[in-house]
Amino acid sequence: MNKAEPQKRSRPRTPNNRTTTGFRISDALWAVLEPLLPVHVNTHRFGGGRPRVSDRRCADAIFFVLRTGCQWQALDQTELCAHSTAHGRFQAWGEAGVFFKLWKVGVERFDDLCGIDWDWLAMDGAMTKAPLGGKKTGPNPTDRGKSGVKRSLLAEGHGVPIALVAEGANRHDMKLTRPTVESLIVERPKPTAERPQGMCLDAGYDYDEVYAILNEFGFTAHVRPRGEEAKAIKHIAGFKARRWVVERAHSWMNRFRRVLIRWDKKPENYLAFLHFACGLIAFRAAGLFG
């Protein structure tokens, strides 16, 4: 190359700020979430140290991970914040129960605006992969024994999650009946003879132990095989399916890609993501926050 010729200058790289535009929490949601956050205490002497990344930016980053299912390190390629900052804030908020509280507030708002349907509840489990293993995982019997996790979900009559537990994929659904019922996040009204509370289940719960547990808690069990409801809808006039709402709730949760596959070794982190997703579902069912 001729030394007299000027060197070609490479074009400067511009950040692609549109990558996360559709994955930010709304101002309305932030107004609910912010009061639930723990108060930050500056541990640096004389108030020194690097300026702290705002909680709002970290909340956007956490929501981005939940919604897209990306790894934490992918945040470094966005304009949100460093992955180490977002992950550290996420763990601190999870330990403080922020996402569980958000779910509880969402269900309470839904109850105020729409009313929880206690007449017909539905429970079911869903198995997902857990490639990295960790506590509360186990061999998935439907995936050649690979590591997996099972989430047991209890939904009210509209499909809003009101109870949730997570265990290894090898745990049978019926073994999670009691812990799931005991994990209800809102106060349950007492069932009466005039207004019983039905619990809709599939044939995987058809065990005497399950009936005894539900009877102990005052539920009326309605156990049907998966195909029986579909046949009843076709042949019985006025028959209304009840159990499908919990399957729809699992489908709603899977739209939050981070919980579709468990990448978190710590069960506490995985549960925090589940609670965050449940809270968003409750708010949206109430017609809030889109």
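In table form, for the structure just shown:
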{"item": "Selection status of residue 67, at pLDDT 60 or above, surrounded by 10 or more Cβ atoms within 10 Å (Cβ to Cβ) and of a type outside the set (Val, Ile, Thr)", "result": "yes"}
{"item": "Segment 78-93 - residue that is part of a helix (DSSP H, G or I) and open to solvent by 30 Å² or more (accessible area, probe 1.4 Å) and, of those, nearest to residue 40 (Cα to Cα)", "result": "92"}
{"item": "Wholly within segment 96-202, strands (runs of 3 or more DSSP E) carrying at least 3 residues that are in contact (Cβ under 8 Å) with a residue 40 or more places away in the chain and open to solvent by 40 Å² or more (accessible area, probe 1.4 Å)", "result": "120-129"}
{"item": "Filter result for residue 53 (at pLDDT below 95, touching a helix residue (DSSP H, G or I) at 6+ places or on another chain (Cβ under 9 Å) and not acidic (Asp, Glu))", "result": "yes"}
{"item": "Residue that is closer than 30 Å to residue 175 by Cα and modelled with pLDDT of 95 or more, where the choices are 121, 132", "result": "121"}
{"item": "Any hit, segment 140-153, residues being closer than 19 Å to residue 282 by Cβ and not basic (Lys, Arg)", "result": "yes"}
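The values are calculated or read from the model by the stated rules, or taken from the named source; none is laboratory data. Please read these numbers as outputs of a predicted model, since none were measured by experiment. Note that each Cβ is placed from the backbone with ideal geometry, even for glycine, and that neighbours are counted across all protein chains shown. All accessible areas refer to the heavy atoms of the entire protein, side chains included, with ligands and DNA or RNA removed. Shrake-Rupley method; radii C 1.70, N 1.55, O 1.52, S 1.80 Å.
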